Amino acid sequence: MLWIGKAPRVNSKPYPIRALRARLARMQLDLSFGPRPHFDGATYEAAQDQGRLRRQLEAVNRVMADGAWRTLAELAALTGYPEASVSARLRDLRKPKFGGWTVDRERVSGGLFRYRVKA
């Protein structure tokens, strides 16, 4: 089993990442992105990137919807996407066209930060 930092626990027993992913997938959340938010950037190609970036954004928002603090490594493990991708999607969540969420950042130690998303 994969654990990042302290293992999540339910009833004092470790809670495996796969089970947590399945539980998060069953949650009904209002992602409030509108019909199709427009991603952009110098290297963005809609035909190749739109679907992938939207899936990443939805996965990051679904995992972070509980308001818990997570490092990029924890978020990457829970979503299945690379740390660089989930970091970029956290930045997207701050933009008004993607919901204008508040993304808090807190230093854990050295260059390690953890993040949480608030409405």
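Each value in this text was obtained by applying a stated rule to the coordinates, not by laboratory testing. Note that the structure is predicted; figures quoted are calculated from it, not measured. Every residue, glycine among them, receives a Cβ derived from its backbone with ideal geometry; neighbour counts consider all protein chains shown.
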(message) In the range 50-78, whose amide N lies under 20 Å from the spot 7 Å out along Cα-to-Cβ of HIS38? List them in ranges.
(response) 50-55, 57-58
(request) Can you put ARG54, ARG105 in order of Cβ neighbours within 10 angstrom, beginning with the fewest? (result) ARG105, ARG54
